[in-house]
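Some notes on the structure that comes next.
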Amino acid sequence: MEIQPITTYTGKVVPLFHDNIDTDQIIPKVHLKRISKSGFGPFAFDEWRYLEDGSDNPDFNPNKPEYQDATILVTGDNFGCGSSREHAAWAIKDYGFDIIIAGSYSDIFYMNCTKNAMLPIVLNADERQYIANAGKVTVDLPNQTVTANNKSFHFDIDGTWKNKLVNGLDDVAVTLQYEDEIQAYETSKTF
């Protein structure tokens, strides 16, 4: 899978304002039978997204017509808590979200996002509400801002993760940047 760099990104937002959305709610364990990272999107938020008969739940915000094609999820505090399953990040990415704006994240989920080319942003409740009401926003990762209706909000991100996301790098690509040094080390050693 080729990783797309995130520099300046404009997208439609969808609010899902619940606190403590855990990884079981993001991707129920019954759907963890796949062996690849893809194909989890249809099962994301399964219990909220669908009615018992399998049809779309009209009360679930991402199903509403005004939020179709949203690529930025705006949510509550402690997003991605619960088990450490990376499948939750895979499901959200496969669903179509490239950026998540929350009040806070589980540490493991945050790391899983960055490792799967998603940008997790932390903003306070008032800023998130403003952004959710804007409908469309622009995220400028190099300058670490989210702009909605000409109003900008600053966010923090570790320089390592910022570099990877801006340059479209995964852990393997970062390692390959040191290929010459690795090769030189391996040739200098006898095993």
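The values are calculated or read from the model by the stated rules, or taken from the named source; none is laboratory data. Here the structure is a predicted model, which is why all the values come from computation and not from measurement. All Cβ positions, glycine included, derive from the backbone under ideal geometry; neighbour counts span all protein chains shown. When the accessible area is computed, the model is the full protein with side chains, heavy atoms only, and any ligands, DNA or RNA have been set aside. Shrake-Rupley method; radii C 1.70, N 1.55, O 1.52, S 1.80 Å.
With each label point set 7 Å from Cα along the Cα-Cβ vector, what nm distance links Asp22 and Thr175?
3.3
Give me the dipole magnitude in Debye, nearest 20, for the stretch 6-186 about the Cα centre, with unit charges on the beta carbon: positive for Lys and Arg, negative for Asp and Glu.
320
Once you put a point 7 Å from the Cα of Tyr50 and another 7 Å from the Cα of Gln68, both along the Cβ direction, what distance in nm separates them?
Distance between the two pseudo-spin positions: 2.0 nm.
Taking only protein heavy atoms into account and a 1.4 Å probe, give the accessible area per residue of the stretch 6-186 in Å².
That works out to 50 Å² for each residue.
Just for the stretch 6-186, what percent of DSSP beta bridges are antiparallel, to the closest 5?
50
Using a 1.4 angstrom probe on the protein heavy atoms only, could you order Ile3, Ile182 from most to least accessible area?
Accessible-area ranking of Ile3, Ile182, largest first: Ile182, Ile3.
Quick check on my link table: of Lys29/Lys136; Lys33/Lys115; Lys64/Lys151, which ones sit more than 24 Å apart, alpha carbon to alpha carbon?
From the list (Lys29/Lys136; Lys33/Lys115; Lys64/Lys151), the Cα-Cα distance tops 24 Å for Lys29/Lys136; Lys64/Lys151.
Taking the Cβ of Thr8 as the center, what net charge do the other residues with Cβ under 15 Å away carry, scoring Lys and Arg +1 and Asp and Glu -1?
After counting each charged neighbour, the total is 0.
Percent of accessible area on the chain owned by carbon and sulfur, 1.4 Å probe?
Accessible surface attributable to carbon and sulfur in the chain totals 48 percent.
For Gln129 and Ser36, calculate 0.36 nm times their separation in residues minus their Cα-Cα distance, and state this gained length in nm to one decimal.
30.0 nm
Averaging over every viewing direction, what projected area does the convex hull of the Cα atoms of the chain cover, in nm²?
For the Cα atoms of the chain, the hull's average projected area reads 12.8 nm².
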